Each structure stands twice: as structure tokens, then as C-alpha cells.
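The values are calculated or read from the model by the stated rules, or taken from the named source; none is laboratory data. All values derive from a computational prediction rather than experimental measurement. Glycine gets a Cβ as well: all are built from the backbone with ideal geometry, and neighbour counts include every protein chain shown. We work out accessible area using only protein heavy atoms, side chains counted, and drop any ligands, DNA or RNA first. Shrake-Rupley method; radii C 1.70, N 1.55, O 1.52, S 1.80 Å.
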Amino acid sequence: MSTSYGAHADDHHGPEPGLLRWLFTTNHKDIGTLYLWFALIMFFVGGFLAMGIRAELFMPGLQVMDPHLFNQFTTMHALIMIFGAVMPAFVGFANWLVPMMVGAPDMALPRLNNWSFWILPFAFTLLIGTFFLPGGAPAAGWTIYPPLVLQGGANVAFMVFAIHMMGISSIMGAINIIVTILNMRAPEMTLLRMPLFVWTWLITAFLLIAAMPVLAGAVTMLLTDKFFGTSFFNAAGGGDPVMFQHVFWFFGHPEVYILILPAFGIVSQIIPTFARKPLFGYESMVYATASIAFISFIVWAHHMFTVGMPLSGELFFMYTTMLIAVPTGVKVFNWIATMWRGAMTFETPMLWAIAFVVLFTIGGFSGLMLAITPVDFQYHDTYFVVAHFHYVLVTGAIFAIIAGVYYWLPKWTGHMYNERLGKWHFWLSTVSVNVLFFPQHFLGLAGMPRRIPDYAVQFTDWNMVSSIGGFAFGLSQLLFVYILVQTIRGGERAADRVWEGAHGLEWTVASPPPYHTFEKPPRVTEAEAHG
Amino acid sequence: MAAANGGYYVPHGTKWPIMGSIGMFTLLGGFAMLLNGNSSANWIMVAGTVIIVVMIIGWFGTVIGESESGAYNAQVDISFRQGMLWFILSEVLFFAAFFGALFYARIYSVPWLAGEGAGGMMTGPLLWPGFEGTWPTNGPGDIGGTFGTIPAFGIPFINTVILISSGGTVTLAHWALKNNDRGKLCWWLFVTVALGLLFLALQAYEFAYAYGDLNLTLGSGVYGSTFFMLTGFHGLHVTIGVIMLLVMLIRSMRGHFTPQNHFAFEAAAWYWHFVDVVWIGLFIFVYWF
Amino acid sequence: MHRRTPGQAMSSGIAALTALVLASPSAFAAWDLNLPVGVTPISRIVYDLHMLILWICVAIGIVVFGVMFISIMRHRKAVGAQAARFHHSTFAEIAWTVIPIVILVTMAVPATTTLIKMEDTTDADLTVKVTAYQWMWKYEYIEDGVTVYSTLAPSSRQAIYEDPTKVENYLLEVDNPIVFPVDRKVRLLLTADDVIHAWWVPELGQKKDAIPGFINEMWTLIKEPGVYRGQCAELCGKDHGFMPIVVRAASEDEYRAWVAERKMAQAEQAALAMHSWEKTELMALGEKVYVTACATCHQLDGDGIAGAFPSIRGSEVATGGLQDHLKLVMDGRAGTAMRAFGAQLSDVELAAVVTYQRNAFGNATGDVVQPAVISAARNLNTGG
Ligand code: HEA
Ligand code: HEA
Ligand code: CUA
Ligand SMILES: [Cu+2]
């Protein structure tokens, strides 16, 4: 229990037995595992909602659900995927890996770490529970714009408080990660020897600390506008509904980089390993990540080009948004330069990482097209936007997460996964995900708005294609679960340095690593740091 | 700096966080039910509050016990310090959201509603004829009815003086602690707490006056909204700060802290300075201009 | 089976999928892939800009993915590649920072000039104020004094749960289309009554939000006569997907004729309000109004949707005091989706719909509300 004073008096203390181990744990590996399982479950819940959306959109007319329920599905799909699947998955990676990568005994603030996780299940109970309220779950889109969201009835207060709780969880998690990185490194682990994954998480954590409180403020104003008579978003009282959008996107745009920077980190670990060559341009990768993070705070209104901003504002946000392509491009070029003249092999993690580079870049290109204000007037709120963000989120963030799972799973479990099934999972997913999302570009350009449960008949064909791709992609993920369970339960023993070309402290310890990894700070050689 | 040595204290197993989550869930779930018209939900909120209070006392009690027993080395101390600093940064950004709303209303939406600027050319004349767009305002719909405002150089100014002085007294207490002058430490801490309470009392009086005599309420359009949200959340933070300082006072009287090792004291002091700085922003932008 | 790689298996899968899609009954429907070129000078510039940027991205993609592909082919261990050790090149890093910046600037220049043109709403020939409601549009022709309410056509509404392919322009048809004269600069003043909506007709190359309490401006100048269809493009609640826009672009003469016709209809409406109505007439008209204006929320059977829209059947308001009922329908209820219908419906329509609600769905108050009662209520409101 928490009264075991005197650090490591009990050096070989293992986990507590039974369920209490998971409720009370302060161990970064246990907490990482909790985060990862939570994320997987939420991915399936959010995916279930997405399957509902795709089923309704399979053909014109309403067959599966009424429009109000459809809007609830869309809203909850996005909230669950973003706050329940992708963010916790990355925090799970951070928990497992950051202490091992920097040579720390554990996270800096272990009790807080437990709390960061255990807030989440409660927050999502509040959020998902709204489905059972009269009037149902929030249905105004994940962007929760007033005045529409305020018509939500009983769900508004629950949703607001759920978001507050998620925010608290994220902020505490971010603080923990920053402090671990800044204060807990082994003496020889200088900042510029840190693996890129650690760097991207350090910067992401700052984004979280700066962005999440702003979201908390925004939803607090929603709450008071609905229940306490304030007029923040009401023109008659001198407020403005658009003001909410500014505050929301001041959070929301950095948020999308919160969802992608750790992915960049994961991919930057994987590609050098399988190219058997040091990461090209390590330092420029660090600077590029920092620039992306900085610029992400001054581009937010590119989500609001149609709200009627003054011309000067539209121009400013167009230029800054376009600028982000430069540091992002630097990253893409560095990855390719890392592959160039390497000695590549294509194990499952590498396949996912390569697909990430290609498909994320495609999503980046459509992002750049959206940044061009006069043309965004056409694209905005159509399926072109939906295609854009699923390319960066699904084939970006989710692909990187899956790549990372395959890459570190042998380290975590001590077993090799089934390589042949892994490759099947990759090919099935990669083909079906493109069948799912590529046609949505066409739909958007041809004029199909987003967030509609039913559409004009000329959009039928591409919607059918997209839905078929969606079902195929969803089913393929069942294979993933099968592989995970199979690997956890047994399989070929993994070596300490699972991959021939892998570098970094996590590969110097056993697979699976002992419950407490570095009781003494490890040595860090230049060769181990950079390969 | 970054020397992770074997002495870093890693607690094993803790029941406080899960309890905190349950408390938070109960409190907020109850509040949501109350807002939705379930009037007996206040009992759920009471239960949630009790759980949270027990959790806070238990958690901090454990940490204080560990600290006093010498379980924490210098590196743990640094972790705590950095954690507190980033926490305060997140609080700053929480206030930034409301300041942002204030500036947006004053610079953009209110002038637009009055027909000024590119965004308002037609808005004013077509939708809100006759609206002047001066600040303070409760908007073209005259939401909440005519109201008066609180002049900056009355209670708010006195409160500014009080808070700034309390920032000074807490620093005096800190110096005393570093000089191991326990008497002065307790005295200056006491003065700081007293000043904080005085601030709160004046603020409460001001709110009562605003509601009772000026008809200035949360519902007084965007002025009332930004005014009470900013000053109200600030007041809440002052209250938290006072409680923190009070705990520090009690601990000081019990002989806790050493001249070298007193993270908790410093954390409370930093928090207090943060509350102070936010107030100066409030004084300037909410009351004065 | 195990000798086939997943890649090969997948490619036969794609072939099968393609065959399936091509064989679908609607395979001959339009397989639209791209933005419409549109019918306004602006929409054409926007189209060109779109294509320019698309091709630039495709070109960058070919180069970047090409290099990567070559690397994957040639620098793989399977073909005996030896890993090099380099990890840095100042020249390359400067080049791939500067070149993208140059490309971005070449994109930004035409984008800026286009945007400046789009934002210039001066010198309009005609001004139309557009107000969005959940879920219909109101158009007021400021100079010509014509007001049009435009909502989803009944033909589409009926097909939603049946067979949409049987209806022409499913979900893109309205009861009252609006008319714009061709070759005239039309300025639109957009606002909304309840939540945010957005007015978008793709062929006109622009979209803009309609925000409650604020006016947004946009303009259009249609070059070719024809019928152009669009939709609300900002999530506005349950029937967001059922809020189409239809614009007919016609010659100046046709436009004038349409204005005259609308004015005549408005005058007839006013005359109708003068005489006294039979209960059956009111109930018949009331049902029509209810179906178009109220049923999206309160549902055709009057049962509403639990938790969101109250039931009219047995409603305390619809079976209680008449004045309260009138007031609620005319003034709406602030902060809920129940908006004020006073300005939107005519005296006759209000009288009819209130009569209908008080006598349908098992509500049996027996009240008959005459249009004169409504105008009295209106005068009372403005007088007080
Ligand atoms: C992981 C999440 C993620 C990421 C990384 C991005 C990345 C980018 N996004 Fe995206 N975006 C979203 C998630 C994300 N976005 C979401 C969720 C929405 C919708 C929200 C909602 O409304 O619900 C959205 C919406 C969105 C919009 C609003 C569209 C609209 O509603 O009208 C815009 C507009 O500018 C935009 C732009 C961009 C740009 C310019 C980038 C850039 O960062 C991309 C940069 C990358 C590249 C350009 C490719 C690589 C670069 C090179 C190979 C170099 C050379 C290239 C050139 C010189 C062109 N995004
Ligand atoms: C990280 C974020 C993330 C992820 C991973 C996804 C994943 C998916 N998304 Fe989502 N999506 C968003 C973020 C995300 N999305 C956001 C932000 C929006 C905007 C919301 C808004 O407008 O407010 C959105 C909106 C959105 C829409 C538009 C809805 C609308 O505008 O009305 C659609 C439509 O096709 C869609 C589809 C999908 C699909 C098919 C997947 C698939 O990748 C999901 C695959 C996963 C599974 C399917 C789960 C696993 C499998 C099973 C459960 C087994 C059972 C399988 C079967 C029954 C076949 N999403
Ligand atoms: Cu109106 Cu969407
Ligand atoms: Cu963005």
C-alpha cells in the first residue's frame, strides 16, 4: 500500500495480486497497459458507431436510424475516437516507453499517473451514458457549436462535465510526461540523445497543457449560457456564437497535432530500425516538431473560413496554415532520406510505417488544399473535409499506433506476434481503408455535405463503395485483436533486442522488461542513442 | 540536473486516485442531474464532495507523512516543483479562455452588432437598429435590464492593494522560513491568510451589492457574463489559495518544513502569486478600462 | 492458399469489388469526381485554382513517393543492399525547406487575388436577405418587396422512407424555388433565426454561414440561365440534411414576371385573412401547415420525440388556454428549438395550424380560431 516508505526498501516488489493491482497501481507499465486496453475498447466503440454511420449511408433514404440518432452517432463517434481511442493510446505508449527510453525508474509522479488514467473510464461513462437520457446523446457534431448544442436538453451538462474530466486527465498526464522527461533522464541521456518519440511527446505535452484548459473554458461557457443565463454566445446579449468557434478551435487545431506528433515520433523510431540506418536529420526533426507545435497556435481560424471573417483575418490564417506544410514536409523528406540507401526489410511494423508516410502525406495534401481560403469555400463542410481528416487520423494516427504496437509488442509481452497474420492485417486494412476514404474526396467535390444521414441519389455509388470499404476495414480489425490475444498468451520468445537494427535503451533490457526497469541509471552511449 | 538515482521514491499502490475519480464522478454526475431538474441530486453532490474531501486529506496526508519521514530526495522535490509550475501554466490558460471571450466581445462582436467595421456593416442597421455598442453593455436585446457597474477605484482598488500586499507578506514568510525564524514565518503566513480572507469578504460584499443594488448579474448580457465569470473564477482560486496557505500555516505551527526543504510552502506561494497576477489583469481589463 | 501473398489476394479482392460496383443498377448515374466548374465568373476562377493546386500536389506526390519507391525497390536487404551511414546533409535540408516555400508562395498569390474579388460585395444590382430556420429558408427581395419561404418539397419528404430513386431531384427540390436574374450582381445578406446554417449552391462557387444575430454578406453573378441546386452546409440539427436550396437563373423579363406573380399571391393571402373560415377549411389548411412547418419536430402523428420535442397530443398548451397557445406559437420559446412562427406564417396559416393542433391527435377543445383573432393578437403585441 501507499505507506511503503523508504524508496525501494522492497526492491523486488512485484505487482499487487488480483484486480486491485490495476486499480491501485503506480507502475508505469501497468498504467500504460491500462491505457492501451482502454484505447482499444474505445476504438471498437467508436468504430461500432462508424459502422452505423456507414450502414445508414450505404444507400439513399433512411433505413437504419432516424436523423436525430444519426447526428448522435456522428458526434459520439468523433468524441470517442479522439478523446477515447487516439489520445489514450498515445499516452499508453508514453507510459510504457518514456521511462524506459530515458532511463528512469518510473514516471515522475506515479500516483498522479494512476489518477490520470482512472479518471477516463468515469468520464466516458458520463459521456456514453447520455445515449440513455431522454433526447439522447449530444448531436451537434464533435465541434459542439452553440446555439445548436444548447438545444441538446439533458445531455449538455453531462457532456460538459465529461469533457472537464477528460481535460483534467490529459493535463495531469501531460505534466507527468514533461516532468519525467525533464527531470528523470539518466545522467548521460542528454536532450539531443533522446529518442524522437520522447521529443515528440515532450512537445505534445506542452500542446496539451496549453490547449486543454482552453477547451475547458469553452465548455464552461456553454454550461453557463444554458443554465445560468449568461450571454457569451447570444447576440441579443452582446455575445456571438462565432466567439465559441474561435475559442474551440484555439484548442481544436493544436488538438489535431496532439493527435499526430506522437505518431511522427513512433514512425521516426521504426523507419531507422528497418532501414538499418540512423534517422536522417535528427536535429531538424526536433526543430520541425517544435515549429509545427508553435505554428499550430496561430492557424485555428482555417476551420472557420465561411463564418464571415474580415478579409485580413482570412488572409492571415490562410498564410499561416500553408506554412505548416514546410516543417511537415521536412519530416516526410527526412523519413525518405532515412530509407534512402538503407538495407530495408519489411516486417509488419515497417509496412505500417511506410503506409503511414504515404497516406498521411496524401491527407496533408488535401489539408493544404483546404487551407486555400477561396477554394475552401467550396470544400468546407463537405466529404472532402471528411476524407482529409480520416487520412490524417486513421491512416495517420491509427496506422502509427498499430505500427507501434507491432513494433513494441514483443518487448511488452516477451512473445513474437504472428508475422504472417500481421501482414494479412496490414494488407487487408490498407486496401480497405483506401476503398473507404478515397471515394469520399469525390463525394465532397461533387457536392455532398458532411453530417447528413441521407443524400441525393447521384452520390449513391461512391457511398456504397465507401461503406463496403468501411465494413471491410472494420472486420480487418478483428484480426488485430486476434493477433494481440494470441501474442499475449504465448508464442515464440522475443530476444531483448527484438529487431536487428533497433537502438535505444528499451532494447537493452529483457523482453518483457522487469516490473521495475532501471533501479540504477543506465549508461547511454552515442551509438545506442542514435544508431 | 537529471540524475535519476536509485533513491527516487516510487510509491507502490495507492487507493486515493480511484477514490478521487469516484468522488469526481459522483459530484459532477450529481450536479448534471441537479441542472436537469432532479432536485434531490444535491445529496449526490454532497456525497461526491465528501468523498473528494476525504481523498484530498488522505492523499495529502500520505504525501506529507512521506515527506516528513524523509522519503523524498532532492530529485523528487524537483519533480514536484516542475509539476506545480506546469499546473499553474494550465490554470493561466484556463483564464485565457475567458479573457479571450472578453476581448472578443469588446473588440469584435459588440461593435459589429452596432454596425461598425466590415463584419457589422449590415448587422447593426438590419437586425439591431438603434444599438449603440458602447461598453459596458448587455447587448441589443437589453438582456437582464439596465444595470450599473462597479467603479475601479473603489473596492476593486482596495482589493488590488490587499492582494499585492499579501504577495509581499507571503514572501516575507518565505524569507523567515529560509532564515529558520519560525515565529515570523507563522506570523506572516497568518497575515497573508487574513489578507486573503479580507479580499474574499470584500469581494462577496461587492457581488451582493452588484446583485442587490446595481442589477448587475450573471444575466446582464455579455458584460455581466464576462464580469462574473472572470471575477467569480478568480474568487474561487483565491479561496483555494487561502485554503492552501491555511494548511501551510497549520503545518508551520506544527513544525513542518526546513529551511532547505519546503516544497509545499513554495507551491502555495507560487499559486498565490499566480492568483495575484490574474487579479491585476482583471483589475485593468474588467474594472478599469 | 498459403502460397498466395496477402498482396496478391487483395488485388483479386479489388477486382471483385470493382466488378460488384460496376454492376450495381445505378452504375450509369453520374460518377461525379470533381468540383463543378460552375456558372459564375468566381466559380470558374475557383475551379481553376482548385485544379492548379491539385496538380501541384499530385506532382509533389509523384516526386516524393517516386523517390521512396525507388528506395524501397533498390535499397532493400533482399536485393543485397548495404546500409550507408550518412545521417545529415545541409544542402538537402536547405533545399527541401526553400523549395516548398517557393511553391507555397506561387499558390498564395492567385489565392489572394481571388479572395479579394470574392469579398467585394459593392455595386450590387439586387439585394436579397436570406434567413435560415430549422429547417427552411426565407428570402426577402429588399428592392422588389417579395418574400419567399422555401422548404423541402413534399415529393422528396415522402420518398425518404420509400424509394428515393423514384423521385426526381431527391432531397434537392423545394416547394418554392427562388429566381435570380442572370448577368446581375446579386448581393445576399445572410442571417439565421435559431442556430447556425450555411447557404451553399456549388455551381455558384461560394458558401457562407448564416449566423443568428449577425449578417454575413456574399454575392453572386450567374452567367447561364438554368436551375442550380444546393443544400444547407452547416449542421443545424435533425433535418440538416433536408434543407435544400434551389435557384432558378432566368432572364430579366422572366424575373420580373416571377416577381409580379409572387406579389399577386401575397395580396391574395392578405385578402383571405379578411373573411371568416369554416372549421373544416381551417382543419384542412391547418394540416397542410402542420405537415410542412411543425411535423419535422412534433412528428406527423403529433407525438413528438421524447426528450427533444414535446408531444402535441394531450399537450397542456394545445389543450389549455387559447391565448397561451397562440403566444407560444407566435413568439416561440427562447432557448429551445421552438421558434417564433409569428413572422413566418400568415394570419390564415397561424389560425389554421392552431385550430388544427387543438382539434387533432385526440385533442378535442372544439376551438375554431379565425384569422382575425391572430391579427388582434398581433396588434396587442405591437401595441404593448
Ligand atoms: C491528425 C490530424 C490532422 C492533421 C495532421 C491535419 C493537418 C492539416 N490540416 Fe487538417 N483537419 C483535421 C485533422 C488534421 N489535419 C480534422 C479532424 C479536421 C476537421 C475538423 C472538423 O471540422 O470536424 C481538419 C480540417 C482542416 C481544415 C478545415 C477544413 C474545413 O472545414 O473547411 C483545414 C483548412 O485549412 C485543414 C488544413 C490542414 C493542413 C494545412 C494540415 C497540414 O498540417 C498538413 C501538412 C502536410 C503536408 C502538406 C504533406 C507533406 C508535405 C510535403 C510532402 C512537403 C511539400 C508539400 C507542399 C509544398 C505542398 N484541416
Ligand atoms: C481518430 C479519429 C477517427 C477515427 C479512427 C475514425 C474512424 C472512422 N470513421 Fe470517422 N470521424 C472522426 C474521427 C475518426 N474517425 C471525426 C473527428 C469525425 C467528424 C465528426 C463530426 O462531424 O462531428 C468523423 C466522422 C466520420 C464520418 C462522417 C459522418 C458525418 O459527417 O455524418 C464518417 C462517414 O463515413 C466516418 C467514418 C469512419 C469510419 C468508417 C472509420 C473506421 O476507421 C472505423 C474502423 C473501426 C472499426 C469498425 C471498429 C472495429 C471493428 C468492429 C467493431 C467489428 C465489427 C465490424 C463490423 C460490423 C463490420 N467518420
Ligand atoms: Cu440548416 Cu443545416
Ligand atoms: Cu486545423
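Report, to the nearest whole %, how much of the accessible area of the stretch B:1-131 belongs to carbon and sulfur atoms, 1.4 Å probe, protein only.
74 percent
Let me check the size of chain A from its C-alpha atoms; what are the radius of gyration and Dmax in Å?
My reading of the Cα-based Rg and Dmax gives 22.8, 71 Å.
If you take each beta carbon of peptide B:77-90 and count the beta carbons of other chains within 10 angstrom, what is the mean?
6
What is the antiparallel percent of DSSP beta bridges lying wholly in the protein assembly as shown, to the nearest 5?
70 percent
Using alpha carbon coordinates only, what is the Rg to Rh ratio of the stretch C:187-258, with Rh defined as the Kirkwood radius?
Rounded to two decimals, Rg over Rh is 1.01.
Gap in Å between the Cα centre of the stretch C:244-296 and the Cα centre of the stretch B:105-130?
Their Cα centres are 33 Å away from one another.
Along the charge dipole of chain C, Cβ charges K/R +1 and D/E -1, which of C:215, C:290, C:374 sits furthest on the positive end?
Among C:215, C:290, C:374, the one farthest towards the positive end of the dipole of chain C is C:215.
Where does each of C:73, A:189, A:51 land when they are ordered by accessible area, with a 1.4 Å probe and the largest first?
Largest to smallest exposure gives the sequence C:73, A:51, A:189.
Among all the aspartates and glutamates, which ones have a C-alpha under 12 Å from residue C:208's C-alpha, if same-chain residues fewer than 8 places away are not counted?
The qualifying aspartates and glutamates are A:376, A:381, C:119, C:217, C:234.
Would you mind working out the magnitude of the charge dipole of the protein assembly as shown relative to its Cα centre, with +1 at each Lys and Arg C-beta and -1 at each Asp and Glu C-beta, to the nearest 20 Debye?
Dipole size: approximately 3380 debye.
Using the charge dipole of chain C (Lys, Arg: +1 at Cβ; Asp, Glu: -1 at Cβ; taken about the Cα centre), state which of C:202, C:153, C:134 has its Cα farthest towards the positive end.
Farthest along the dipole direction, towards plus: C:202.
Using 18 Å as the cut-off for backbone N distance, which residues of the stretch C:251-272 belong to the label zone defined by a point 7 Å from the Cα of residue C:143 along Cα→Cβ?
Once the point is set 7 Å along Cα→Cβ of residue C:143, C:251-263 turn out to lie under 18 Å by backbone N, inside the stretch C:251-272.
Based on the mean of other Cβ atoms within 10 Å per residue, sort peptides A:350-359, B:143-152 so the most packed one is first.
A:350-359, B:143-152
What is the mean number of Cβ atoms from other protein chains located within 10 Å of the Cβ atom of each residue in peptide A:124-136, rounded to a whole number?
So the per-residue partner count for this stretch is 2.
Could you name the lysines in cross-link range of residue A:520, using Cα to Cα under 26 Å and dropping any fewer than eight places away on the same chain?
Cross-link targets: A:29, A:411.
When only the heavy atoms of the protein chains count and the probe is 1.4 Å, how do B:34, A:57 rank by accessible area, highest first?
B:34, A:57
How large, in Å, is the stretch A:168-264 by the Kirkwood hydrodynamic radius built from its alpha-carbon pairs?
15.3 Å
Note down, for chain B, the three equivalent ellipsoid semi-axes (square root of 5 times each alpha carbon gyration tensor eigenvalue), biggest first, whole angstrom.
Calculated on Cα positions only, the semi-axes equal 42, 24, 19 Å.
Just how far, in whole angstrom, is the stretch A:252-283 from the stretch C:140-191 if you go by their alpha carbon centroids?
Going from one Cα centre to the other spans 50 Å.
Could you work out what % of the accessible surface of the stretch C:292-339 is carbon and sulfur, using a 1.4 angstrom probe and leaving DNA, RNA and ligands out of the count?
C and S fraction of accessible area: 57 percent.
Place a +1 charge on the Cβ of each Lys and Arg in chain B and a -1 charge on the Cβ of each Asp and Glu, then give the dipole magnitude about the Cα centre in debye, rounded to the nearest 20.
Computed charge dipole of chain B: roughly 640 debye.
Which entries in the list C:138/C:223; C:129/C:207; C:185/C:223; C:279/C:327 go over 18 Å, if you measure between the two C-alpha atoms of each?
Over 18 Å Cα-Cα: C:138/C:223; C:279/C:327.
Residue farthest toward the positive end of the dipole of the protein assembly as shown, with Cβ of Lys/Arg at +1 and Asp/Glu at -1: which of C:113, B:229, A:343?
Of the candidates, A:343 comes out farthest on the positive side.
Within 10 Å of each Cβ of B:31-41, how many other protein chain Cβ atoms are there on average?
Partner-chain Cβ atoms within 10 Å, mean over residues of B:31-41: 4.
Arranged from highest to lowest average of other beta-carbon atoms within 10 Å per residue, in what order do the peptides C:284-296, B:170-182, C:341-353 appear?
Ranking, from highest mean packing down: C:341-353, C:284-296, B:170-182.
Please give the Cα centre distance for the stretch A:134-165 versus the stretch C:193-241, rounded to the nearest Å.
Distance between centres, Cα-based: 25 Å.
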